[in-house]
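> One structure is given below, represented as C-alpha cells, and several questions about it will come after.
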Amino acid sequence: MDVDAVRGRALVEESREAVVVLDDADRVVLASRRARHTIEGVREGEPLPSELLTGGRGVIPLVVPYEVDGRRERLVYLSREGDLAAYEELRSGFTAAVSHELRTPLARLLTLLETAALPGEDVSALLEQAAGEVEQITELIDEVLFLSELESGARVVALGAAPVRPVLAEALDELQERAVRAGVALRLECEPEIELAIRPRMLRVVARNLAENAIRYGGPGATFTLAVEREQDGSVVLSGSDDGIGVEEAELGRLFERFYRTDRARASRGTGLGLAIVKHVVTQAGGSVVAQGGRGRGLEISCRFPASA
Ligand SMILES: Nc1ncnc2c1ncn2[C@@H]1O[C@H](COP(=O)(O)OP(=O)(O)OP(=O)(O)O)[C@@H](O)[C@H]1O
Ligand SMILES: [Mg+2]
C-alpha cells in the first residue's frame, strides 16, 4: 500500500463517525471502528445491509462518491437520526442565545453613551453605568469561554483526592462582603476530613455559583448553607441550600439549562449560565445534580459525587 492508501485507511478506521467505504457493488471495503461497533451488520468484505442506504433503522446516510484508479467508490457517513441534528440544533441555539444576551447590555451601553453626549447630562454617573454594562458583557464572555473549555474536555477531575473544606471556606470568604450587603448569612458545614478528587478551581466554581445565587436571589434575612456529607456508600453530597424566596416547583427542572432565568430574576444582573456550569463540572466528575424546593421555601441544589471521585 502506498502512503496515501495507508493514510486513507487510518482516517476512516479511526474516525469518530460511523463511516464506511463501499465499492460499486455496495460491498464494505473499509469501516470505521465506530461503524462496526454501533451498527449491526457492518462487516468489511460483506455487502452493506441495504436499508442503511435508504434511511432505515434511524440512520441518515450521507454519501460522498469518488473515483480511484478508475474504480468507483463511495464514502458513506451513517449518522443516527438526532446525532447530527441535535448537535447542530444545540450549537445554533447556543449561538443565538449568546448573541441575544450580548445585545441587551450593548444596546443599553449605546443609549448611555448617546445620552452622555447631550448637553447638561451628568456624564460621570452615565459613565459609571456604562462601566457596569461593560462588566456584565465581560462576565458573560468569561462564562461562555469557561463553558466551552469544559465542553472541550477541560480537566475537572484531579489526580489525587484532597480535603474540600479549605477550598469551600475560601470561596465563601470571598463572598462575605457581598452577602452582608444583601443581608444573607453564609454558613459552611463540612468535616475537615472529607476529600474529593476534583480540581480546586472547579470546586470553587461550584461553591461560588451556589452561594452567589443565594446572595442575589434569596432576599434579606435568608441563610445560605453549604454542606458536605459522606454517605454510607462512600459517595459525597455537596449541597447549597437557602431559606429564601425560592422558585416555582415547575421551574426546578429548568434551572440547569443555559440562559434559563426565572421571571423574577430578570430585573437583576446575571446571565443564566451559573447553574449550567455547575451541572457541567459535576457531571464531568461523574456526579449528578438535583434542585429541590418551592416558592417561598428556598432552594437546595445537591451535587452527588460517586465514591471514587
Ligand atoms: N438560591 C436561589 N433562589 C431563588 N432563585 C434562584 C436561586 N438560584 C438560582 N435561582 C434562579 O435560577 C436562575 C438560574 O440561575 P443561574 O445561576 O444559572 O443563572 P443566573 O444567576 O441568572 O446568572 P449567572 O449565574 O450566569 O450570573 C436564576 O436566574 C434564578 O431565577
Ligand atoms: Mg447564578
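> So which of Glu231, Glu212 ends up being more than 16 Å from ligand 2 (Cβ to nearest atom) and of a type in the set (D, E, K, R)?
None of the others qualify; the one that does is Glu231.
> Any residue that is in a loop (DSSP other than H, G, I, E, B), assigned by TED's automatic domain parsing to the domain that holds Glu174 and surrounded by 22 or more Cβ atoms within 10 Å (Cβ to Cβ) - is there at least one of those in region 200-210?
Scanning region 200-210 turns up no residue that is in a loop (DSSP other than H, G, I, E, B), assigned by TED's automatic domain parsing to the domain that holds Glu174 and surrounded by 22 or more Cβ atoms within 10 Å (Cβ to Cβ).
> A further question follows. Might you let me know whether region 261-278 holds any residue that is more than 8 Å from ligand 1 (Cβ to nearest atom) and surrounded by 17 or more Cβ atoms within 10 Å (Cβ to Cβ)?
Scanning region 261-278, I find no residue that is more than 8 Å from ligand 1 (Cβ to nearest atom) and surrounded by 17 or more Cβ atoms within 10 Å (Cβ to Cβ), so the answer is no.
> Which one of these does Gly246 not meet: (1) surrounded by 16 or more Cβ atoms within 10 Å (Cβ to Cβ); (2) under 19 Å from the mean Cα position of the chain (by Cα)?
(2) is the only condition that Gly246 fails.
Table: residues versus (1) surrounded by fewer than 17 Cβ atoms within 10 Å (Cβ to Cβ); (2) among the aromatic types (Phe, Trp, Tyr); (3) more than 16 Å from ligand 1 (Cβ to nearest atom).
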position	(1), (2), (3)
Val144	no, no, no
Leu159	yes, no, yes
Pro163	yes, no, yes
Ala179	no, no, no
Ile215	no, no, no
Phe224	no, yes, no
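> While we're on this one: Considering only region 296-309, state which residues are of a type outside the set (A, V, I, L, M) and exposed (fewer than 14 other Cβ atoms within 10 Å of the Cβ).
Scanning region 296-309 gives Gly296, Pro306, Ser308.
> While we're here: Would you please name the residue that is nearest to ligand 1 (Cβ to nearest atom), looking only at residues in region 190-213 that are closer than 19 Å to Thr262 by Cα and not acidic (Asp, Glu)?
Asn213
> Okay, next question. Can you find even one residue in region 161-175 that is away from ligand 2 (no atom under 16 Å from the Cβ), within 21 Å of Ile277 (Cβ to Cβ) and β-branched (Val, Ile, Thr)?
The answer is yes, given that some residue of region 161-175 is away from ligand 2 (no atom under 16 Å from the Cβ), within 21 Å of Ile277 (Cβ to Cβ) and β-branched (Val, Ile, Thr).
> Output the residues belonging to region 246-267 that are out of contact with any helix residue (DSSP H, G or I) (no Cβ under 6 Å at 6 or more places or on another chain) and part of a loop (DSSP other than H, G, I, E, B).
Within region 246-267, Gly246, Val247, Glu248, Glu257, Arg261 qualify.
The values are calculated or read from the model by the stated rules, or taken from the named source; none is laboratory data. Note that the coordinates shown come from a computational prediction; the quantities given were computed from them, not determined experimentally. Neighbour counts are summed over all protein chains in view; Cβ atoms, including those assigned to glycine, are modelled from backbone coordinates with ideal geometry.
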